[in-house]
1. So, in region D:179-209, how many residues would count as being surrounded by fewer than 18 Cβ atoms within 10 Å (Cβ to Cβ), of a type in the set (Val, Ile, Thr) and under 17 Å from residue D:145 (Cβ atoms)?
2. For region D:32-89, how many residues are under 16 Å from residue C:86 (Cα atoms) and assigned to a loop (DSSP other than H, G, I, E, B)?
3. Mind listing whichever residues of region A:219-235 are surrounded by 20 or more Cβ atoms within 10 Å (Cβ to Cβ) and within 11 Å of residue A:191 (Cα to Cα)?
4. What are the residues in region B:126-135 that are β-branched (Val, Ile, Thr) and surrounded by 24 or more Cβ atoms within 10 Å (Cβ to Cβ), if any?
5. Is it true that some residue in region B:76-83 is without any contact (Cβ under 8 Å) to a residue 60 or more places away in the chain, among the basic types (Lys, Arg), touching a helix residue (DSSP H, G or I) at 6+ places or on another chain (Cβ under 9 Å) and surrounded by 19 or more Cβ atoms within 10 Å (Cβ to Cβ)?
6. When you go through D:5, D:22 one by one, which is the residue that is charged (D, E, K, R) and buried (at least 24 other Cβ atoms within 10 Å of the Cβ)?
7. Sort out which residues of region B:90-121 are in a loop (DSSP other than H, G, I, E, B) and in contact with a His (Cβ under 8 Å, 6 or more places away or on another chain), and write them in order of number.
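The values are calculated or read from the model by the stated rules, or taken from the named source; none is laboratory data. For clarity, every value in this text was computed on a predicted model and none was experimentally measured. So basically every Cβ, Gly included, is an ideal-geometry build from the backbone, and we count neighbours across all protein chains shown.
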Number of protein chains: 4
Amino acid sequence: MARIDINCDLGESFGIYKLGLDEQIYPLITSANIACGFHAGDPQVMRASVSMAVQHHVAIGAHPGTPDLIGFGRRRMELSAEELENALIYQMGALQAFARAYSSRLSHVKPHGWLYNAAAQDLDLALTVARAVRAVSTELVLFGLSGSQLVEAAKQIGLPYAAEAFLDRTYQRDGTLTSRSSNQALITDPEKAARQALDLVLKGRTLALDGSEVMIHADTLCVHGDNPNAVALLTQVRNKLREVGVEILPLGAKS
Amino acid sequence: MARIDINCDLGESFGIYKLGLDEQIYPLITSANIACGFHAGDPQVMRASVSMAVQHHVAIGAHPGTPDLIGFGRRRMELSAEELENALIYQMGALQAFARAYSSRLSHVKPHGWLYNAAAQDLDLALTVARAVRAVSTELVLFGLSGSQLVEAAKQIGLPYAAEAFLDRTYQRDGTLTSRSSNQALITDPEKAARQALDLVLKGRTLALDGSEVMIHADTLCVHGDNPNAVALLTQVRNKLREVGVEILPLGAKS
Amino acid sequence: MARIDINCDLGESFGIYKLGLDEQIYPLITSANIACGFHAGDPQVMRASVSMAVQHHVAIGAHPGTPDLIGFGRRRMELSAEELENALIYQMGALQAFARAYSSRLSHVKPHGWLYNAAAQDLDLALTVARAVRAVSTELVLFGLSGSQLVEAAKQIGLPYAAEAFLDRTYQRDGTLTSRSSNQALITDPEKAARQALDLVLKGRTLALDGSEVMIHADTLCVHGDNPNAVALLTQVRNKLREVGVEILPLGAKS
Amino acid sequence: MARIDINCDLGESFGIYKLGLDEQIYPLITSANIACGFHAGDPQVMRASVSMAVQHHVAIGAHPGTPDLIGFGRRRMELSAEELENALIYQMGALQAFARAYSSRLSHVKPHGWLYNAAAQDLDLALTVARAVRAVSTELVLFGLSGSQLVEAAKQIGLPYAAEAFLDRTYQRDGTLTSRSSNQALITDPEKAARQALDLVLKGRTLALDGSEVMIHADTLCVHGDNPNAVALLTQVRNKLREVGVEILPLGAKS
């Protein structure tokens, strides 16, 4: 029977600043990627995030980024391989301690922002990310853009991985995401998102913006927490997936 | 046979900034309290510290502080109990990940600076520290000033603890440390430090500044890494302890 | 003819995080207290804030705080007098440069959060704040709670000052603000706020929560930007003040 | 009569961390480039630096960098033009306030680390730097590597500038600095440094590493504060320059 994981970047508030509709999203997903205090998040937010994840049986993932709070980790920042590896280990460990405090554990890691995008294309960078994850635990699953160098890096070093596709982003015919600078980059119509989800899960493909078919293998589907339609979209996606008998489960969970 | 642990606060460098004679001190101690990036330390320094600790068979301890890098964690900063607990869990977790990366583990925790001093006198604060440690692991040993509320807090919640005395600080007749504002606060003469170490370990007492005897139970002896004589002092202390048959071992290690 | 200044704490966004309804509030006030990057604000937010202030002929004030972004400057943090003075000079200077970039200048300074409240009661702390302001310019007006040690400190060192009262906070019979822990601390009814504004400006007094009259001298009236009713409240206050012929003008502006 | 300015990057300590021999260098230079708290420096260090500069009649310059304290501003960090301009205005303003507190003023600006090197080669980046300087004051002198895009940018927007050459770095035949990765990059012999200084000032040229002559126009000569020989080197350079009648004066000072 088909199954799929649905993930979302969460825990991106900081101090007095609130970001995202975390409370509403946790009940609708199976994996949370939780910011670790470098580009977003703080110890209170991390603890609250882990607590919500545990309560909703959502797999706890680290979502580490560059030490760039003002830039939300979206700016290129050239850390050496050693600096990057250590920055990632530090952040994963910090989140891991909160998971343990709730008798739970880290299940996966997804790099954030600039790092996610850059490592998708740069194998050396991706290998550094993968090595950092492996240093923390060989059982952690590395989330990376389907077909990207992050997935390749995980394969090369023998780390578990999950190929990620997007519920709420459109694709180009070459399988890349439409640039956010395009006003067609985001999918906000729940119907369209549900169709993309079904195509991805059942057929391993979706329609590119130009109408062509593009093959994309997806182990996990991402929805953006800052998508204003995230809740409506997730609700529709979940309903449609279930109608056709697709189970929505964290990676590795028994169905 | 008598035994004692010798600890030191280490890993206090940051970025380009170097602090402490860590390389020279690791071979001479049995427990390292490693800064965790809030008041001092950074991911590179933490990794290097853990690596040195492992190499020298030194027990790895977290030395967490307040988020006050400019003030080196020495300034009063009133975090709520929840904020403090989470700040400590975060830091312990970050260091723990580096320990795991070296196939090792955290063995103890010692709060830093203002937090150490304030929690020594304030049971509520001490209980918050102790609960944070327990949240990370019930096997972690809490280091606290001998006779202080930190030790009391550990007892109350059933956490392992180690009462700490100082090799290189003088005591008042009431068992408190001589204030650093006094020019007699520090012991820099290796002979005097060795005598204090022997008295503490063998007799559970030392001479106060005024010549009176003061009873102090010590499970671990601390030397300050910023003491310019730390290496000479440690060498003499170790020689004298060994001459009288005292084993110098990490807490919990088999003799 | 009577006149009054209306001020608001603004520019409290940071990076991707948005806080406050700054765009809607600037047209309704005469003095802006702009965060300077330590407890809130960042260089982009500061520039945008100065730009809006200039556009709306609003006096530009610095709103410096403690270096405590996670705690939004609301936590006690004991800097030495020298550390505090320098932290304040730094922040004022940073904002001043943006004012100059728009051919404008700083007109006033209001300490933020814990510092505002603590300096209101502690003359030594207030004097440190006042000295920092004077070090930047002897023409800067120090905003402080009416009747507080901040006002006293400005008087003692000969610095211009403005006694501040609140449009949207209730008072106790001793002239202190009702604690925020009370659910009667905030005034959200525009009518009540307008009545308080008129009483303060025309009669130098207002009604305390218990119905007694309390004398309060106000040179400037503060509204909280995080008050969800701030815009409605300000609109009503302005209308009522103008109906009775009170001019709403920045301090020092010619009527 | 020939004259030259000698500058050094100073004020790079932070909190408890000490860096550089500032006290020994101030008496030997005429322009100080003072870190502004982003990549190094803090409010206490900035104040102490300004105080020393004033005492030794040394021109006060801002030495702003990227917000990268762990990386000491040496790592590529891609801020948008707007973000960079604002980060620089903020830092210059902060230092300016300390200068005013000592009845002095900023005289020049020299970008730090990665920004200095990148802007030397990238005209767009250099123009952003130059515009930020101009926004603070049209009288500030922009220090840039001789022949670099920083100098070109200042020319293009009509900002005063000073072409910088190095006392303690060797040159390649094309006029670029020998890479720091070479063990011949630094000049530590005071005699060689003095010869380079004289050649630069009197002849507008120096000998490249391969023995060829390379033309370099220098308005100001830089010495590195972290050069262990900085004091000996500066002493010899000053003696030799004075022997041949070259005045050592800040830019713009009357001889």
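1. The qualifying residues number 0.
2. Residues of region D:32-89 under 16 Å from residue C:86 (Cα atoms): D:34-38, D:40-52.
Narrowing the set further to residues that are assigned to a loop (DSSP other than H, G, I, E, B) leaves D:36-38, D:40-42.
So the count comes out to 6.
3. Once the filter is applied, which keeps residues that are surrounded by 20 or more Cβ atoms within 10 Å (Cβ to Cβ) and within 11 Å of residue A:191 (Cα to Cα), region A:219-235 yields A:233, A:234.
4. So in region B:126-135, the residues β-branched (Val, Ile, Thr) come out as B:128-129, B:133.
Those that are β-branched (Val, Ile, Thr) and surrounded by 24 or more Cβ atoms within 10 Å (Cβ to Cβ): B:129, B:133.
5. Keep residues of region B:76-83 that are without any contact (Cβ under 8 Å) to a residue 60 or more places away in the chain, which gives B:76-83.
Okay, now just the ones that are also among the basic types (Lys, Arg), so B:76.
Within this subset, residues satisfying the condition of being touching a helix residue (DSSP H, G or I) at 6+ places or on another chain (Cβ under 9 Å) are B:76.
If we keep only those that are surrounded by 19 or more Cβ atoms within 10 Å (Cβ to Cβ) as well, we get none.
No.
6. Details: D:22 fails: buried (at least 24 other Cβ atoms within 10 Å of the Cβ).
Result of the check over D:5, D:22: D:5.
7. Of the residues in region B:90-121, the ones in a loop (DSSP other than H, G, I, E, B) are B:102-105, B:110-112.
Correct list: B:110, B:111, B:112.
Each row is one residue, and each column tells you yes or no for (1) free of Cβ contacts under 8 Å to residues at least 24 places away in the same chain; (2) farther than 18 Å from residue C:111 by Cα.
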{"position": "C:148", "(1), (2)": "no, no"}
{"position": "C:151", "(1), (2)": "yes, no"}
{"position": "C:166", "(1), (2)": "no, no"}
{"position": "C:185", "(1), (2)": "yes, yes"}
{"position": "C:218", "(1), (2)": "no, no"}
{"position": "C:222", "(1), (2)": "no, no"}
{"position": "C:249", "(1), (2)": "no, yes"}
